[in-house]
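Chemist: Let me give you the structure first, and then I'll get to my questions.
Nothing in this text is a laboratory measurement; each read-out follows from the coordinates by a stated rule. Owing to the predicted nature of the structure, the values given are computational and were not obtained by experimental measurement. FYI the Cβ positions are ideal-geometry reconstructions off the backbone, even for glycines, and counts take in every protein chain you see.
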Amino acid sequence: MIDTSDSTTIPAAVAADARLDDSELAARLRLVVNRLARRLRSQAPADLSPSLTSALVTIELRGPVTLGQLATCERVTPPCVTRMVASLERLGLVRREADPADRRVSRVSLTADGKRTVLRSRTRKTAFLAKQLRKLDESELAAMREALPVLERLLEDDR
């Protein structure tokens, strides 16, 4: 712990991090986010790649989507999204249906198995994070609570 001039005490790690310049902060944040993402991906169903899991979650969040909408959301090419949806269909996780307004367009939605898969994956990942958070002391948890809205703002341009 480090004693500051305003009679507050802060953890040494937090004080050290306060001296990082923007470039160092960006590098450390990238490393931590990538490692955390990798650990979370390891909690996903073994039979789904990260890209298929991402597509499944996007379909869940956006509702029935066209292949073009899914390709845009996932930032992949139309041929790639076609292969992804075909794989998810073979696994019984999504279904394609013709758009009622334009029969040439198909919309993709989750099947009951797809919904269960997303829920199971989300539950496992949340449980993993909850377990990790239980290792933190109250001041570290408070710092996480404060940082969360700031981290969410970093993603605003991607919405």
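Chemist: Please list the non-local residues whose amide H lies under 5 Å from the amide H of residue 66, H modeled 1.01 Å from N, same-chain partners needing a gap of 5 or more.
Modeler: Amide H neighbours of residue 66, under 5 Å, 5+ apart: 108.
Chemist: What net charge do the residues around residue 64 carry, taking every other residue with its C-beta under 11 Å from that of residue 64, with Lys and Arg at +1 and Asp and Glu at -1?
Modeler: Spelling it out: positives minus negatives among the neighbours equals +1.
Chemist: Further question on the same structure: Would you work out the charge dipole size for the range 39-159 about its Cα centre, treating the Cβ of every Lys and Arg as +1 and the Cβ of every Asp and Glu as -1, and quote it to the nearest 20 debye?
Modeler: With Lys and Arg at +1 and Asp and Glu at -1, about 500 debye.
Chemist: Can you tell me the relative contact order of the range 48-140? Whole percent, Cα pairs under 8 Å, sequence separation 6 or more.
Modeler: 27 percent
Chemist: Could you work out the relative contact order of the chain, using alpha carbon pairs under 8 angstrom and six or more residues apart, expressed as a whole percent?
Modeler: Worked out over the chain, it gives 18 percent.
Chemist: Here is a further query. For the chain, what does the helix formula give at 222 nm: sum of -39500 (n - 2.57) over DSSP H segments with n ≥ 4, over the residue count, nearest 500 deg cm²/dmol?
Modeler: Per the formula, -20500 deg cm²/dmol.
Chemist: Could you tell me which residue out of 100, 33, 139 lies farthest along the dipole of the chain toward its positive end? Charges go on the beta carbon: Lys and Arg +1, Asp and Glu -1, centred on the Cα centre.
Modeler: Farthest along the dipole direction, towards plus: 100.
Chemist: May I ask for the angle, rounded to the nearest 10°, between helix 50-62 and the longest principal axis of the chain, with both axes built from Cα atoms and the value confined to 0 to 90°?
Modeler: 80 degrees
Chemist: Using 0.36 nm per residue of separation minus the Cα-Cα distance, give me the extension gain between residue 152 and residue 35 in nm, one decimal.
Modeler: 40.3 nm
Chemist: Could you give the distance between the Cα centres of the range 134-151 and the range 50-104, to the whole Å?
Modeler: Spelled out, the Cα-based centre of one part sits 35 Å from the other.
Chemist: Next question, about the same structure. Sort largest first and round to whole Å: the equivalent ellipsoid semi-axes of the chain, each the square root of five times a Cα gyration tensor eigenvalue.
Modeler: One finds semi-axes of 41, 17, 13 Å for the chain.
Chemist: Then there is this: For residue 116 paired with residue 26, estimate the spin-label separation in nm (one decimal), with each label point 7 Å from Cα along the Cα-to-Cβ line.
Modeler: Distance between label points: 4.6 nm.
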